[in-house]
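Reading through the structure tokens given below for one structure.
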Amino acid sequence: MYGLSKTIIISGGGLTGLSLAIALRINGVTVSLHEAGSYPRHRVCGEFISGVSQETLETLGIADSLADSHRHRSVAWFSGNDHLRDNILPAPALAISRHLLDDRLQKTATILGVDLHDGSRRKMNPNAAGEVWTAGRKLAKGGWIGLKAHVRGISPKAQLEMHGGPRGYLGVTPVEDGWHNVCGLFRINKSISARHSDLMPAYLSDNGNTELSQRIAAAEWREGSFTAVAGFALGLQSPTRGVLSLGDSHAIIPPFTGNGMTMAFQSAETALPHLIAYANGTRTWSEVCESIQLQLAKRFGKRLTSAKLLHPLLFHTVAKPLLKHAPLRPLLTLLR
Ligand SMILES: Cc1cc2nc3c(=O)[nH]c(=O)nc-3n(C[C@H](O)[C@H](O)[C@H](O)COP(=O)(O)OP(=O)(O)OC[C@H]3O[C@@H](n4cnc5c(N)ncnc54)[C@H](O)[C@@H]3O)c2cc1C
């Protein structure tokens, strides 16, 4: 099966790039993958995956890497310090740290023969046939800051906790080894002078989540797990002409959906047959790019629009009754 003629070069070794590289390699394609950073590493991410099918994971050849992830169904919702409601998710959300998942995937990719270069930052190369851009969030003025850390000993209220307020929200999710991932997205507030790991309790207090802020400040923090990211915008990313962008480089769904990782996998799945056809020499690069872009728009368009409309409701105090009483199932359907 190996030895097809054209190589695919992937820039960005996050979930999109790694899962695509693995799937291409399983299908006999020669793949070169460039990752600016190194593995293992902590990433700003809520670390729960909602809405991905087993079929997608198997098509990509990554089901084994997620087989032992936690499966969470109970969710507790909070606004400020008010416990609004509890729900059972219609299907379990998978939870696993990015530290572990990205590392497992890079090991699988290496074993399968992906030519993986970490510490390799690529430049965009518009119109270059066979090059795929999966380098994640584009730098943009979005006004958001994402914060994440692993903590232990916070007395969880449910398997998943979602805490909202007027300026942001934060999720609490158990991952491996007794650690809870705490990850939030907040409107940047320049008057907050806290630094490094003090930022998260400060942003939570500013958002009215004072009880959670105290729980987190008093918890044991996993060394090296605190990470922060700013300078990105949600939604469709401004496209660069002649560049095939997938995953977050294509579009960022608001994190509250737990669907960004699903979209990373699904965008790799969408691109896969087309890239195999290009590598086989049965389709041209421009035909392949056109087909992938059309299918991405079809697969993600409605979901991105619904998430964009629902996102402001999380911050609006007038929407609190809706958050408290709206039936969960139809809301989730909008986001798949
Ligand atoms: C606050 C926050 C919380 C989130 N919570 C969740 C959640 O709970 N569930 C969920 O499903 N999703 C969540 N997401 C979204 C999810 O993390 C992303 O959708 C997902 O990581 C996208 O994967 P990706 O591979 O496209 O991008 P990334 O994971 O960002 O990977 C891109 C990779 O490219 C590398 N890179 C960058 N530039 C270059 C370059 N020039 N050359 C080579 N390599 C480069 C980077 O180092 C990085 O490793 C969250 C996002 C945020 C901001």
Practice problem: Residue by residue through the range 218-267, note down the ones that are among the small types (G, A, S), touching a residue at least 60 places away in the same chain (Cβ under 8 Å) and under 21 Å from T305 (Cα atoms). | Solution: A233, G235, S238, S245, G247, S249, G258, G260, A264, S267
Practice problem: Search the range 219-237 for residues being part of a loop (DSSP other than H, G, I, E, B) and on the phi > 0 side of the Ramachandran plot, and hand back the single one that is least open to solvent (accessible area, probe 1.4 Å). | Solution: G231
Quiz item: Counting only residues that are assigned to a helix (DSSP H, G or I) and under 9 Å from the mean Cα position of the chain (by Cα), which one in the range 243-254 is surrounded by the fewest Cβ atoms within 10 Å (Cβ to Cβ)?
Solution: D248
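Residue-by-condition table, conditions (1) touching a His at 6+ places or on another chain (Cβ under 6 Å); (2) more than 19 Å from G231 (Cβ to Cβ); (3) surrounded by fewer than 20 Cβ atoms within 10 Å (Cβ to Cβ):
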{"position": "L105", "(1), (2), (3)": "no, yes, no"}
{"position": "D115", "(1), (2), (3)": "no, yes, yes"}
{"position": "G153", "(1), (2), (3)": "no, yes, yes"}
{"position": "K157", "(1), (2), (3)": "no, yes, yes"}
{"position": "L170", "(1), (2), (3)": "yes, yes, no"}
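For R121, are the conditions met, namely being within 14 Å of the ligand (Cβ to nearest atom) and either part of a strand (DSSP E or B) or out of contact with any helix residue (DSSP H, G or I) (no Cβ under 6 Å at 6 or more places or on another chain) (or both)?
yes
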Practice problem: Give the residue, chosen from G208, G168, G178, G153, that is under 19 Å from the mean Cα position of the chain (by Cα) and of a type in the set (G, A, S). | Solution: G168
Exercise. Go over the candidates T257, T262, T240 one by one and state the one that is open to solvent by 20 Å² or more (accessible area, probe 1.4 Å) and among the polar types (S, T, N, Q).
Key: T240
Quiz item: Within the bounds of the range 58-70, is there any residue that is open to solvent by 20 Å² or more (accessible area, probe 1.4 Å) and over 20 Å from I22 (Cα atoms)?
Solution: yes
Quiz prompt | Residue within the range 131-147 that is away from the ligand (no atom under 13 Å from the Cβ) and crowded, with 16+ Cβ neighbours inside 10 Å present | solution = no
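The values are calculated or read from the model by the stated rules, or taken from the named source; none is laboratory data. Please read all numbers here as calculations on a predicted model, not as lab measurements. Cβ coordinates were reconstructed from backbone atoms using ideal geometry, including for glycine residues, and neighbour counts include every protein chain displayed. Note: accessible area is taken over every heavy atom of the protein model, side chains too, but ligands, DNA and RNA are not part of it. Shrake-Rupley method; radii C 1.70, N 1.55, O 1.52, S 1.80 Å.
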